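Trainee: I have a structure here, written as structure tokens, and I will follow up with some questions on it.
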Amino acid sequence: MMEPVLGWTDDRVALLRRLWEDGQSASKIAAQLGGVTRNAVIGKVHRLGLAGRARGGEEAPAAAPPSKTVEIETAIAVVETQAPEPVAILAHRPAPEFPAPAPVPAPEPVALAVSQRVTIMDLRESMCRWPLGDPTTPEFRFCGARSITGLPYCTHHAEIAYQPAAERKRDRRVASFR
């Protein structure tokens, strides 16, 4: 059975008005009312058309008269006794079962062109510029095979670098199911 949600009852609105007129901040009013946020207090103040307060050196009085303090504490105690208990989560829904992705066939082995493995100093315009290895190591080289006219790569590396758009989309879709 659900407990009623705290709303803006006449008593809570009256307390809100009093605290607002006393110069309390929206955060402090929300804390004293309980069950509402600072933004809810600001919204209610706006809807009620309460006068805004001047922002300046003036602060709310440090100590309210004893009668107001007792009245506020009584109102807080009433609100606290009416506050609902948090709902305990007793169980979680099981995760939905998604269909298993279709198996992706293994790519067929491709015969690789023999690489010349050249350094940056030996690389020429007609050579494949496909990087091989880690650029931070002395063993780093470039493919060096004959490049396709107008492209920086040999036939094999151009097939890797330049994939048709439809194939890239399909590969992304398959990867998102993994």
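The values are calculated or read from the model by the stated rules, or taken from the named source; none is laboratory data. On a predicted model such as this, the values are computed, not experimentally measured, just so you know. When we count neighbours, we look across all protein chains shown, and the Cβ atoms used for this are built from the backbone with ideal geometry, even at glycine.
Trainee: Name the residue, out of R172, R93, R178, that is of a type in the set (D, E, K, R), at pLDDT below 90 and not in a loop (DSSP other than H, G, I, E, B).
Mentor: Just one listed residue meets the conditions, R172.
Trainee: Kindly list the number of the only condition in (1) at pLDDT below 85; (2) farther than 14 Å from H156 by Cβ that fails for V114.
Mentor: Of the numbered conditions (1) at pLDDT below 85; (2) farther than 14 Å from H156 by Cβ, the odd one out for V114 is (2).
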